[in-house]
Amino acid sequence: MKGWKIAQHILWGVTIFLALATAAVFAAEQPKGVMKLYTSWPMQGAMIPEGTAMKRAVDLAVEHAGGMLAGYKIEVVNLDDASPVTGSWDGTIEAENAQKAVADRDAMVYLATYNSGAAKVSMPITNKAGMAQVTPANTYPGLSKPGHAPGEPGIYRPTGRVNYFRAHPADDIQGAAAARWAQCLGFKRAFILDDRQLYGKGIADVFEKKAKALGIHIVGHEGVESVDIDFRALLTKVKAAKADLVYGGFVIDSGGPQVVQQMKALGLFDAGAKFMGPDGLYSPSLVEQSTPAAVNTNVYVTFSGLPPDRLPTQAGKRFYADYKKKYNAEPIGWAMYAYQ
């Protein structure tokens, strides 16, 4: 009996120890609460590849962080700021998305937007709420730098505090680099098109200013509406002006692919003209919506970063390898900025 009692005490001791240890581990694993990360960019129409790639990159970043940050569980809330009618970003929807984010007491950051014009809408909302807004894709300089439109960037900061950040170069660098590239490629006469939006017109204006300074003759500059996808009359004018380069300030859903397609149809490429565009066209959709042959030999696109497969750091290489493994797809350029 004595041995049995000793064994029983030992058993109870072990049981209590294991219970306490299990409780301690369980308590250690329990999050302090939820930390929500809101995203907002187009997830419809021509923007599906870019929107999906950025969403996947955010999910991968959360996975790499173990789903936790400072003891809080990370939850991602994906919002779509595109109109179901047009498939492009919509200011009213973007404002609603930003309001939803700032109204959520668990929201910590607003990862948005893709389009610079959309950022103009949401930035004052997040600024008033004191919420950080980080963009994976906005490149219009005036969102964070003075010297562009009157009052920028202060008009987007009603509190006077800075809450908006980006991790990539702006268009005052990219547009000028494109002009230097055009000069190096030997282009002499450029016709500029833009979609009249903040990003497209902004970078087209930067390109024009630098191109003129470099001695490239600008034979025309016209803005077009993204709903007008028939550019043949305008491109006939471009052809008559004997432009050897068409620079297009577009994003993938505002007319760029159609310009390339119609330049080919009208024989501009056969006549020796080429097309150059900014990183808003850095997408597989450019090839899919025009023709591979036309793009491969006649189109130049700038991008404010390195291709994902050429990222030099260990973190960059890990992102690229893990993205391909997880999704069985190549990450589109902007995905790495969403991951960061």
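Might you check whether a residue that is out of contact with any Lys or Arg (no Cβ under 6 Å at 6 or more places or on another chain), of a type outside the set (A, V, I, L, M, F, W, C) and crowded, with 21+ Cβ neighbours inside 10 Å occurs anywhere in segment 316-326?
Yes, some residue in segment 316-326 is out of contact with any Lys or Arg (no Cβ under 6 Å at 6 or more places or on another chain), of a type outside the set (A, V, I, L, M, F, W, C) and crowded, with 21+ Cβ neighbours inside 10 Å.
Given the criteria free of Cβ contacts under 8 Å to residues at least 40 places away in the same chain, more than 24 Å from PRO124 (Cβ to Cβ) and in the same structural domain as THR126 (by TED's automatic domain parsing), does ASP90 qualify?
So ASP90 does not fit the description; no.
Mind listing just one residue for me: the one in segment 135-181 that is modelled with pLDDT of 95 or more and among the aliphatic types (A, V, I, L, M) and, of those, farthest from ASP205 (Cα to Cα)?
VAL162
Each row is one residue, and each column tells you yes or no for (1) part of a loop (DSSP other than H, G, I, E, B); (2) surrounded by fewer than 18 Cβ atoms within 10 Å (Cβ to Cβ); (3) within 15 Å of the chain's Cα centre (by Cα).
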residue: THR139; (1), (2), (3): yes, no, yes
residue: LYS145; (1), (2), (3): yes, yes, no
residue: GLU152; (1), (2), (3): yes, no, no
residue: GLY160; (1), (2), (3): yes, yes, no
residue: PHE165; (1), (2), (3): no, yes, yes
residue: ASP172; (1), (2), (3): no, no, no
residue: GLY186; (1), (2), (3): yes, yes, no
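Output the number of residues of segment 204-234 satisfying the condition of being without any contact (Cβ under 8 Å) to a residue 40 or more places away in the chain, in contact with a Phe, Trp or Tyr (Cβ under 9 Å, 6 or more places away or on another chain) and not in a loop (DSSP other than H, G, I, E, B).
7
State yes or no: is LEU79 in contact with a Pro (Cβ under 9 Å, 6 or more places away or on another chain), at pLDDT 95 or above and assigned by TED's automatic domain parsing to the domain that holds THR52?
No; evaluated as a whole, the condition is false for this residue.
Conditions (1) crowded, with 21+ Cβ neighbours inside 10 Å; (2) of a type in the set (Asp, Glu); (3) touching a residue at least 60 places away in the same chain (Cβ under 8 Å), marked per residue:
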| position | (1), (2), (3) |
| --- | --- |
| ILE252 | yes, no, yes |
| GLY277 | yes, no, no |
| GLN289 | no, no, yes |
| ARG310 | no, no, no |
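Which residue is nearest to ARG56 (Cα to Cα), if the candidates are limited to segment 288-340 and must be at pLDDT 90 or above and polar (S, T, N, Q)?
ASN328
If only one of ALA95, ALA118 is closer than 15 Å to TYR164 by Cβ, assigned by TED's automatic domain parsing to the domain that holds ALA335, in a helix (DSSP H, G or I) and touching a helix residue (DSSP H, G or I) at 6+ places or on another chain (Cβ under 6 Å), which one is it?
None of the other options fit; the residue is ALA118.
State yes or no: is VAL77 in a loop (DSSP other than H, G, I, E, B), surrounded by fewer than 22 Cβ atoms within 10 Å (Cβ to Cβ) and not polar (S, T, N, Q)?
For VAL77, the condition - in a loop (DSSP other than H, G, I, E, B), surrounded by fewer than 22 Cβ atoms within 10 Å (Cβ to Cβ) and not polar (S, T, N, Q) - is not met.
Restricting segment 184-203 to residues that are in contact (Cβ under 8 Å) with a residue 60 or more places away in the chain and touching a strand residue (DSSP E or B) at 6+ places or on another chain (Cβ under 6 Å), which is nearest to ASP172 (Cα to Cα)?
Only one residue tops the list, namely ILE203.
I'd like the full set of residues that are within 14 Å of PRO331 (Cβ to Cβ) and either part of a helix (DSSP H, G or I) or at pLDDT 95 or above (or both), limited to segment 268-287.
Within segment 268-287, PRO284 is the sole residue that qualifies.
Among the residues of segment 254-267, what is the count of those that are assigned to a loop (DSSP other than H, G, I, E, B) and buried (at least 24 other Cβ atoms within 10 Å of the Cβ)?
2
What do you reckon, is GLY248 closer than 18 Å to ASP279 by Cα, in contact with an Asp or Glu (Cβ under 9 Å, 6 or more places away or on another chain), of a type in the set (Gly, Ala, Ser) and modelled with pLDDT under 95?
Judged against the criteria, GLY248 is not a match.
The values are calculated or read from the model by the stated rules, or taken from the named source; none is laboratory data. Bear in mind that the values here come from a model prediction, so they are computed numbers and not experimental data. Using ideal geometry, Cβ is built from the backbone for each residue, glycine included, and neighbour counts are taken over all protein chains shown.
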